């Protein structure tokens, strides 16, 4: 009879050992996984070893953007053309409004090109739209960007990547 009572207890001990083994295996696996992946925490200690940093140089502009940039430079001599400009660099928040709140609404937005006159006054912002701008989420973001710029009195011009403007069209749209 005493032997029969020990059987459930032995089963419980075996189950407990199995659970502990599985948990130990999971923990060891997580430790191994962490060792394989470069940690970013070593960079947070103000210790930069240029051989270990995970960065590489990226292209500033796509091929169509480079083509449009060159056309803008030829068509608009005496103007400055800036690329990939954050909206927070060209828009300010009016007095009486929370600067933090309103900058948060635009802080990740940029325009492909900003055209300025010789005195660095903004003449227009230009966006070169590809097929990604047909998605509903992009349409909403584009509308928000356009509204933000137009509310500050900045002209926004959109050209489709498949219908690149001529230099004459650039002059007509930007300087009119």
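The values are calculated or read from the model by the stated rules, or taken from the named source; none is laboratory data. Because the structure is a prediction, the values reported are computed rather than measured. So basically every Cβ, Gly included, is an ideal-geometry build from the backbone, and we count neighbours across all protein chains shown.
Of note:
- Identity of the residue in the range 146-155, outside any helix (DSSP H, G or I) and touching a residue at least 24 places away in the same chain (Cβ under 8 Å), that ends up surrounded by the most Cβ atoms within 10 Å (Cβ to Cβ): 154
- Subset of the range 103-136 (residues that are assigned to a loop (DSSP other than H, G, I, E, B) and either on the phi > 0 side of the Ramachandran plot or in contact (Cβ under 8 Å) with a residue 40 or more places away in the chain (or both)): 105, 106, 118, 120, 130
- At least 1 residues being modelled with pLDDT of 80 or more, over 22 Å from the mean Cα position of the chain (by Cα) and not assigned by TED's automatic domain parsing to the domain that holds residue 164 is the threshold, and among the helices (runs of 4 or more DSSP H) wholly inside the range 1-93 those reaching it are 2-36.
- Taking the conditions (1) at pLDDT 95 or above; (2) closer than 16 Å to residue 68 by Cβ in turn, residue 153 satisfies each one other than (2).
- Close pairs (6 angstrom Cβ cut-off, 6 or more residues apart or separate chains): in contact (Cβ under 8 Å) with a residue 24 or more places away in the chain in the range 78-94, surrounded by fewer than 17 Cβ atoms within 10 Å (Cβ to Cβ) and part of a helix (DSSP H, G or I) anywhere: 81/73
- Applying the condition of being surrounded by 15 or more Cβ atoms within 10 Å (Cβ to Cβ) and under 20 Å from residue 68 (Cα atoms) to the range 132-145 and asking which residue is modelled with the highest pLDDT yields 142.
- Any hit, the range 111-120, residues being more than 22 Å from residue 147 (Cα to Cα), in contact with a helix residue (DSSP H, G or I) (Cβ under 8 Å, 6 or more places away or on another chain) and assigned by TED's automatic domain parsing to the domain that holds residue 165: no
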